[in-house]
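First comes the structure, then the notes that go with it.
The values are calculated or read from the model by the stated rules, or taken from the named source; none is laboratory data. Every value quoted in this text rests on a predicted model; they were computed, and no experiment measured them. Using ideal geometry, Cβ is built from the backbone for each residue, glycine included, and neighbour counts are taken over all protein chains shown. The accessibility values were calculated without ligands, DNA or RNA, using every heavy atom of the protein model including side chains. Shrake-Rupley method; radii C 1.70, N 1.55, O 1.52, S 1.80 Å.
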Amino acid sequence: MLSRSAQGLYWMGRYLARAEYLCRLLRLQVEALVDRPIAEIHFGWSRIYTTLGRQPPWGNLTFDESDDYTLADSYTLAGDLTFERDNHDSVRNCFALGRENARQVRHCISAEMWTCLNLAWLRIRDLDIEDIWKVSPESFYAETSREIDTFAGVAESTMYRDEGWNFMRLGRFIERAQLRVSLLLAQCTARRAQGETSDADWTGLLRSCKAFDAYKRNYSVEIQPDRVIDLLVTDPLLPGSLCRVLDALATELAAIGVSPGSHAGEAAERLAGRLGTLIRYEWPDREDREAVLAQVGDDCRKLHSLVTTAYIDYAIEDSPVQTP
C-alpha cells in the first residue's frame, strides 16, 4: 500500500475515534447542567480539558461554590470543545479532518462508507454552538456519536479486508488507548485537586466509557473507585477496556506485517506486545497505578511515532529493493 494511503486511513481512524470519544464526554457533561451541583459540573469540565491536555479559553478552571455563571461558562466551554475552528481537537475539526482524510483515500474505502461520512458532515458543517444550545445540545452529541458508530458498522460490513482496513483500525485503537489513559489520569488528577470525588463522578466515568452496565453486572451498584479503574483497564470482556484495545492494536500491527522501515515496524510490534503484558500481568501487583498508566500513555505515543516511521515517513533507502 502507498504510504500516503496508509497515512490517510490511519488518521481517518484516529480523528473519528477522537470525535466520538469527545461527543460522549460532552453529552454527559451538558446533561449534568440540568440538576447537578456546581462542584460536579466543574469536575466534569476539568476532567475533559485535562484529558485533552488543553486550557479553557480564559486559562485555568477555578472552582467557586458561589459561582453564578456556571451555565454561561459551560456555554463557552462547550463551544470551544465542539465548534471552535482554532481548537484542533474540537468535535467539528476532528470530524472535518477525518472526512478530509477519507476524501483523499476514497479509492481505499467503500462507497457506502463515504456516503455515510459525508452525510454526517453535511449535517454539522454549518452549525455553531448557538444552534444546538437553544434546542438540545445533548441530542446533537448523541446523534453525532451514533453517526460515527454507524460509519464504523458500515466499514465493518463493506470495507475490503486489505492493509487499508488494518491501518484504519490501527489508528482507531491507538487513539482509543491514548484517550482511555488520558481520561483515567485526568480523573485521578481532578480527584486529588478536589480532595474527594462523589459516586456521581465515578458513575459518569463509567457511562462515558460505556461500562456502567458491565460494572453493575460484576460488582453491583456500589461504586468503589479502585474497582472502576480495574474494570476499565483490565477486563478482557469489556469492549473498550485498555487491555482489550491494546490486544486489538497488536493484532492489527501483526496483520500489516513487514514495513519498508523494517526496524521501526519490528520495534512497534515488540512495544505493542510489552504494553499488553504490562496491563495483563503486572497491573494487578502494582500499587503505583497512576505511574503505570502514565507509562502506557508515553509508550502509546512512542508507538505512534514508530508506526509513522515504519509505514509513512520512512527513508527511501530503507525500502525493500526489488530484484529482477
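Checked against the criterion of being in contact with a Lys or Arg (Cβ under 9 Å, 6 or more places away or on another chain) and surrounded by 15 or more Cβ atoms within 10 Å (Cβ to Cβ), the candidates Ser198, Ser241 yield just one match: Ser241. Among the conditions (1) at pLDDT 95 or above; (2) crowded, with 18+ Cβ neighbours inside 10 Å, the only one that Asn87 does not satisfy is (1).
Of the residues in the range 66-78, not one is at pLDDT 95 or above, in a loop (DSSP other than H, G, I, E, B) and surrounded by fewer than 22 Cβ atoms within 10 Å (Cβ to Cβ). Among the residues of the range 300-311, those identified as surrounded by fewer than 18 Cβ atoms within 10 Å (Cβ to Cβ) and over 16 Å from the mean Cα position of the chain (by Cα) are Lys302, Ser305.
Please specify each residue of the range 124-141 satisfying the condition of being touching a residue at least 60 places away in the same chain (Cβ under 8 Å) and open to solvent by less than 10 Å² (accessible area, probe 1.4 Å). Scanning the range 124-141 gives a single hit, Tyr141.
Can you tell me which of Arg47, Arg4, Arg24 is part of a helix (DSSP H, G or I), over 18 Å from His88 (Cβ atoms), open to solvent by 10 Å² or more (accessible area, probe 1.4 Å) and in contact with a Ser or Thr (Cβ under 6 Å, 6 or more places away or on another chain)?
Values: Arg47 fails: in contact with a Ser or Thr (Cβ under 6 Å, 6 or more places away or on another chain); Arg4 fails: in contact with a Ser or Thr (Cβ under 6 Å, 6 or more places away or on another chain).
Residue meeting the stated conditions: Arg24.
Picking from residues in the range 192-241 that are over 19 Å from the mean Cα position of the chain (by Cα) and among the aromatic types (Phe, Trp, Tyr), the one that is modelled with the lowest pLDDT is Tyr219. Only one of the numbered conditions (1) under 12 Å from Tyr15 (Cα atoms); (2) not in a helix (DSSP H, G or I) is not met by Arg99, and that is (2).
Taking residues in the range 200-216 that are without any contact (Cβ under 8 Å) to a residue 24 or more places away in the chain, and partners anywhere that are hydroxyl-bearing (Ser, Thr, Tyr), the pairs with Cβ atoms closer than 7 Å and at least 6 places apart or on different chains are Phe212/Thr203. The residue list Ala291, Ala268, Ala255 contains one member that is touching a helix residue (DSSP H, G or I) at 6+ places or on another chain (Cβ under 9 Å), modelled with pLDDT under 95, aliphatic (A, V, I, L, M) and surrounded by fewer than 19 Cβ atoms within 10 Å (Cβ to Cβ), which is Ala255.
Among the residues of the range 181-191, write down those that are open to solvent by 10 Å² or more (accessible area, probe 1.4 Å) and at pLDDT 90 or above.
Going through the range 181-191, the residues open to solvent by 10 Å² or more (accessible area, probe 1.4 Å) turn out to be 182, 185, 188-189, 191.
Scanning the range 181-191 gives Ser182, Leu185.
What number of residues within the range 271-286 satisfy the criterion of being among the aromatic types (Phe, Trp, Tyr) and surrounded by fewer than 17 Cβ atoms within 10 Å (Cβ to Cβ)?
Just the residues of the range 271-286 that are among the aromatic types (Phe, Trp, Tyr), to begin with: 281, 283.
Okay, now just the ones that are also surrounded by fewer than 17 Cβ atoms within 10 Å (Cβ to Cβ), so 281.
Of the residues in that region, 1 qualify.
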